[in-house]
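The values are calculated or read from the model by the stated rules, or taken from the named source; none is laboratory data. Quantities reported herein were computed from a predicted structural model and do not represent experimental measurements. Methodologically, a virtual Cβ is constructed for each residue, glycine included, from the backbone with ideal geometry; neighbour enumeration extends over all protein chains shown. In case anyone asks, the SASA skips ligands and DNA or RNA and just uses the protein heavy atoms, side chains included. Shrake-Rupley method; radii C 1.70, N 1.55, O 1.52, S 1.80 Å.
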Amino acid sequence: MKNLLYLCAAILLVSCCAPKLKVEVSNPSQIDRHHETIEIAWSELDARNFSPESVVVLLDEEEIPSQVLFDSQKEPLALIFQSSVAAEECKTYIIKEGTPAHYPAKAYGRYVPERLDDYAWENDKVAYRAYGPALETAPGEMLSTPGFDCWVKSVDTLVVDARYRRGNYHHNYGDGMDCYKVGRTLGAGASAPYVDDKLWLSGNYAQWETLNNGPIRTTVKLTYAPFAVEEKQVKLTKYISLDAHSHFNRIENIYEGDFETLTIAAGFVRHELKALTSTEEWLGFVEAASDSKDPAADGDLFFGVIQPGAEFRAEVAGHAVSLSEVESGTPMVYYAGSGWSQGGVKDMRHWMEILETTAASVSNPLEVNIL
């Protein structure tokens, strides 16, 4: 009996001392928020003796997908999970010690050596790729561009690996395709210095590093070789993050060089434009499929850039962009995204609603209170 009492006391002591955290997520706005990513700094968890390998998030006593983010040195940075909160609603989440269940990835990216050094990334809504150094010298291709390619999707499953295996990703096998033309432009959401009415474009990325890879967020670090901006050499490092359920990449650029400030344009090359609108926080437009033998059958592509505080222009050297000033070595953040008329975006009005909701999550994120 005495041993049993000791055992019960030990179990109670361990249970009381196990790491546990209560988090309130509230939405004070009048807009319902869906699948918004909540980020808890790892310092909050480290102070309570959490381990990155043994942490779970509960809502109403049920585990939900979560992910620990790491930096380049593989040190934990934050814990993320997603929350859907109605207008003026509050939800309570419990973070506790435990073995996370396996959840299918909704965000994924990888280096693609079998296709000329592409780097491709996607989530359940959209897919993109950036071009690597091999493409710059490939016979018959030889494309040098900072621009991102956009792959449209009509399914919520991951498609990148299957499309590369098939090889013919310009044909729609029922899940979407590549029907977007990049060339030497910003493509679908890249950036470049804008000086003397000219876009100064880098080459393809020189190095890549996958930092995080699902189930909720994929993040890649792309480093570019120095390139000319007038008489000066400029270096560029990009951190691109894409979260599950979002049409938009979060893109952080760090430009470095012998300059005090530099004007940066971020956005999209224009093709057959059908409609464009902008506010103080975003610019969005719709155009026909640009790399297609049958644009009417392949549908419309929707694009948007979100950058509160920036200047938005509908026409800059053949692009629709945001313009902002950056200092050398200081991060510049914007959001660039896309949608497809056959992949869940009904029309331009619907796309503007998506832009408005995403911009609200950027400017006024859900309120997080750690108890």
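Things to note:
- Among the candidates A162, A190, residue that is touching a Gly at 6+ places or on another chain (Cβ under 7 Å) and small (G, A, S): A190
- Taking the criterion of being of a type in the set (S, T, Y) and either touching a residue at least 40 places away in the same chain (Cβ under 8 Å) or surrounded by 15 or more Cβ atoms within 10 Å (Cβ to Cβ) (or both), the residues of the stretch 38-57 that qualify are S51, S54.
- Test: residue in the stretch 118-137 that is among the aromatic types (F, W, Y), crowded, with 21+ Cβ neighbours inside 10 Å and outside any strand (DSSP E or B): yes
- Condition check for E287 on (1) open to solvent by 40 Å² or more (accessible area, probe 1.4 Å); (2) among the acidic types (D, E); (3) without any contact (Cβ under 8 Å) to a residue 40 or more places away in the chain; (4) under 19 Å from G343 (Cα atoms): one failure, at (1).
- Out of D71, D124, one residue alone is charged (D, E, K, R) and at pLDDT 95 or above. It is D124.
- The stretch 330-344 - residue that is out of contact with any His (no Cβ under 7 Å at 6 or more places or on another chain) and crowded, with 19+ Cβ neighbours inside 10 Å and, of those, farthest from A127 (Cα to Cα): M332
- Residue that is farthest from V182 (Cα to Cα) [pool: residues in the stretch 263-276 that are open to solvent by 40 Å² or more (accessible area, probe 1.4 Å) and of a type outside the set (K, R)]: L276
- Scanning the stretch 178-204 for residues that are on the phi > 0 side of the Ramachandran plot and either open to solvent by less than 30 Å² (accessible area, probe 1.4 Å) or within 21 Å of the chain's Cα centre (by Cα) (or both) gives G183, G187, G189.
- For the stretch 38-67, filtering for residues that are at negative phi and either polar (S, T, N, Q) or assigned to a helix (DSSP H, G or I) (or both) leaves 9.
- Residues of the stretch 351-371 satisfying the condition of being part of a helix (DSSP H, G or I) and not β-branched (V, I, T): W351, M352, E353, L355, E356, A359, A360, S361, S363
- E327 being open to solvent by 60 Å² or more (accessible area, probe 1.4 Å), over 21 Å from the mean Cα position of the chain (by Cα) and modelled with pLDDT of 95 or more: yes
- Unmet requirement for M142, which otherwise passes all of (1) farther than 28 Å from A296 by Cβ; (2) under 21 Å from the mean Cα position of the chain (by Cα); (3) among the aliphatic types (A, V, I, L, M); (4) part of a loop (DSSP other than H, G, I, E, B): (2)
- Annotation note: Cβ proximity below 7 Å between a residue of the stretch 25-37 that is open to solvent by 70 Å² or more (accessible area, probe 1.4 Å) and in a strand (DSSP E or B) and a residue that is at pLDDT 95 or above and among the hydrophobic types (A, V, I, L, M, F, W, C) (sequence gap 6+ or interchain) occurs for H35/A244.
- Failed item in (1) of a type in the set (V, I, T); (2) in contact (Cβ under 8 Å) with a residue 60 or more places away in the chain; (3) open to solvent by 10 Å² or more (accessible area, probe 1.4 Å); (4) more than 23 Å from S290 (Cβ to Cβ), with T218 passing the rest: (3)
- Selection status of L262, touching a strand residue (DSSP E or B) at 6+ places or on another chain (Cβ under 9 Å), closer than 13 Å to M352 by Cβ and not acidic (D, E): no
- Within the stretch 342-371, residues that are closer than 19 Å to E280 by Cα sit with their Cβ atoms under 6 Å from residues that are hydrophobic (A, V, I, L, M, F, W, C) and open to solvent by 60 Å² or more (accessible area, probe 1.4 Å), at 6+ positions apart or across chains, in these pairs: A360/I31.
- The criterion of at least 2 residues that are under 29 Å from I216 (Cβ atoms) and within 24 Å of the chain's Cα centre (by Cα) is met, among strands (runs of 3 or more DSSP E) falling completely within the stretch 242-321, by 248-257, 261-269, 282-288, 300-306.
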